Amino acid sequence: MITLQIPATSANLGAGFDSLGLALSMYNQVEMEEYDGISIQSTDDVAVPQDETNLIYTSAKRIYDLCGKPFKGLKIVQTNRIPMTRGLGSSSACIIAGILGANHMLGNPFTPDDLVNMAAYIEGHPDNTTPALMGGIVTAVFDTQKVYWVKQEVDSHLKFVAMIPDFELSTELARKRLPAQVSHKDAVFNLSRAALFSASLLSGKYENLKVATCDRLHQPYRKDLIKGYADVVQAAYRLDAYGVYISGAGPTIMAIVDEKNTLFPLQIRHQLDALGLQGWRVEEMHIDNQGARVME
Ligand code: HSE
């Protein structure tokens, strides 16, 4: 059995729609071995597909098929700490577990670059899959079948506080809300802020993050899918968050907070309760600079 650990991810980061993402210190664990058939279990009460539709399984099989290696089946044991369908990269974590685990069991025929491309191809966009595999903050462009990407390690004094709603929101549904066209003005609004975000995060100019997380490509169209959105964002800024944005396709709302702001998680919990959002979870995380790993 090999053991894999795969981080949660937060994509878009405000203005960097489909192109920026970072890895976080919340991990799924997957144990895996070759097996004559299919055996898929969870160590927790999260229901996962136990047949050949399981995303870890299908992603691993793809690697065997691409290598032309016979594939008899897999035994998989999943520990699912990343909440599903909440904008924290749970699907990407499954894809990365499958391809990284299979690649390892086959003696690493594919390079990390190959795996980045395969993961983005399976998922459709690279902004969750690439940081899940590589860690850090990733800038990624999926251009005609190939991902052009840069990973940067972040030595930050920040924490990422996720406010995770008690309802799911599928990426497919959230993407259907997006307009087919945007104005030149809105395009410029976003590209300038996406660039500002990376430069500010990496240089420590955190006071820029409030402006840098503003966006006109997806958040204005998705916010109505998240009950309480405006109140939660306002509450987080009142508690001195540097930046607040919809994580991935949502519904999680992420606050970027100074490490020294120790009261933030407790205070935002109280605010959520006061807003009638008792079912929401609050999770405090940091940037993971390592990415997915095989632990043996
Ligand atoms: N960037 C995607 C979206 C989600 O916002 O729809 C993560 O891949």
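The values are calculated or read from the model by the stated rules, or taken from the named source; none is laboratory data. It should be emphasised that the depicted structure is a prediction, and the values quoted were computed from it without experimental measurement. FYI the Cβ positions are ideal-geometry reconstructions off the backbone, even for glycines, and counts take in every protein chain you see. Accessible surface is based on the protein model in full, side chains and every heavy atom, while ligands, DNA and RNA are left aside. Shrake-Rupley method; radii C 1.70, N 1.55, O 1.52, S 1.80 Å.
Filter segment 106-147 down to the residues that are modelled with pLDDT under 95 and on the phi > 0 side of the Ramachandran plot, then identify the one that is surrounded by the fewest Cβ atoms within 10 Å (Cβ to Cβ). So the residue we want is THR144.
Sub-9 Å Cβ pairs linking a first residue in segment 67-79 that is in contact (Cβ under 8 Å) with a residue 24 or more places away in the chain to a second residue that is assigned to a strand (DSSP E or B) and aromatic (Phe, Trp, Tyr), at least 6 apart or interchain, are THR79/TYR27, ordered by first then second residue. Screening segment 194-245 for helices (runs of 4 or more DSSP H) wholly inside it with 1 or more residues that are small (Gly, Ala, Ser) and under 19 Å from ASP18 (Cα atoms) returns the ranges 209-212.
Does segment 246-266 hold any residues that are outside any loop (DSSP other than H, G, I, E, B), more than 16 Å from the ligand (Cβ to nearest atom) and crowded, with 17+ Cβ neighbours inside 10 Å, and which are they?
To start, the set of residues in segment 246-266 that are outside any loop (DSSP other than H, G, I, E, B) comprises 246, 253-258, 264-266.
Filter again for more than 16 Å from the ligand (Cβ to nearest atom), leaving 255-258, 264-266.
Correct list: ALA255, ILE256, VAL257, PHE264, PRO265.
Residues that are surrounded by fewer than 23 Cβ atoms within 10 Å (Cβ to Cβ), among the basic types (Lys, Arg) and at pLDDT below 95 do occur in segment 72-92. Only one of the numbered conditions (1) away from the ligand (no atom under 16 Å from the Cβ); (2) open to solvent by less than 10 Å² (accessible area, probe 1.4 Å) is not met by ILE6, and that is (1). Can you give me the number of residues within segment 127-178 that are in contact with a helix residue (DSSP H, G or I) (Cβ under 7 Å, 6 or more places away or on another chain), assigned to a helix (DSSP H, G or I) and within 12 Å of the ligand (Cβ to nearest atom)? Number of matching residues: 5.
Report, by residue number, each residue of segment 43-71 that is of a type in the set (Gly, Ala, Ser) and open to solvent by less than 40 Å² (accessible area, probe 1.4 Å).
Looking only at segment 43-71, we keep the residues that are of a type in the set (Gly, Ala, Ser), and these are 47, 59-60, 68.
If the condition is that a residue be of a type in the set (Gly, Ala, Ser) and open to solvent by less than 40 Å² (accessible area, probe 1.4 Å), then SER59, ALA60 are the ones that fit.
Evaluate the following for SER200: is it assigned by TED's automatic domain parsing to the domain that holds LEU263, touching a Phe, Trp or Tyr at 6+ places or on another chain (Cβ under 9 Å) and either touching a residue at least 60 places away in the same chain (Cβ under 8 Å) or open to solvent by less than 60 Å² (accessible area, probe 1.4 Å) (or both)? The answer is yes for SER200.
One residue stands out among those in segment 110-126 that are touching a helix residue (DSSP H, G or I) at 6+ places or on another chain (Cβ under 6 Å) and among the small types (Gly, Ala, Ser): the one that is farthest from the ligand (Cβ to nearest atom), which is ALA119.
Evaluation of ILE40 against the conditions (1) touching a helix residue (DSSP H, G or I) at 6+ places or on another chain (Cβ under 8 Å); (2) open to solvent by 50 Å² or more (accessible area, probe 1.4 Å) shows that the sole unmet condition is (2).
On the given criteria, is LYS75 among the charged types (D, E, K, R), out of contact with any Ser or Thr (no Cβ under 9 Å at 6 or more places or on another chain) and either in the same structural domain as THR139 (by TED's automatic domain parsing) or not in a helix (DSSP H, G or I) (or both)? So LYS75 does not fit the description; no. For the structure I just gave you, tell me whether LEU169 is without any contact (Cβ under 8 Å) to a residue 24 or more places away in the chain, open to solvent by less than 40 Å² (accessible area, probe 1.4 Å) and farther than 23 Å from GLN50 by Cβ. Judged against the criteria, LEU169 is not a match. Among the residues making up segment 66-109, those that are more than 16 Å from the ligand (Cβ to nearest atom) and farther than 18 Å from GLU34 by Cα are THR79, ASN80, ARG81. For segment 21-36, state whether one or more residues are modelled with pLDDT of 95 or more, in a loop (DSSP other than H, G, I, E, B), under 23 Å from the mean Cα position of the chain (by Cα) and farther than 30 Å from LYS210 by Cβ. Looking for residues that are modelled with pLDDT of 95 or more, in a loop (DSSP other than H, G, I, E, B), under 23 Å from the mean Cα position of the chain (by Cα) and farther than 30 Å from LYS210 by Cβ, one finds none in segment 21-36, hence no. When residues in segment 82-126 are screened for being under 18 Å from TYR57 (Cα atoms), without any contact (Cβ under 8 Å) to a residue 12 or more places away in the chain and outside any loop (DSSP other than H, G, I, E, B), 0 of them pass.
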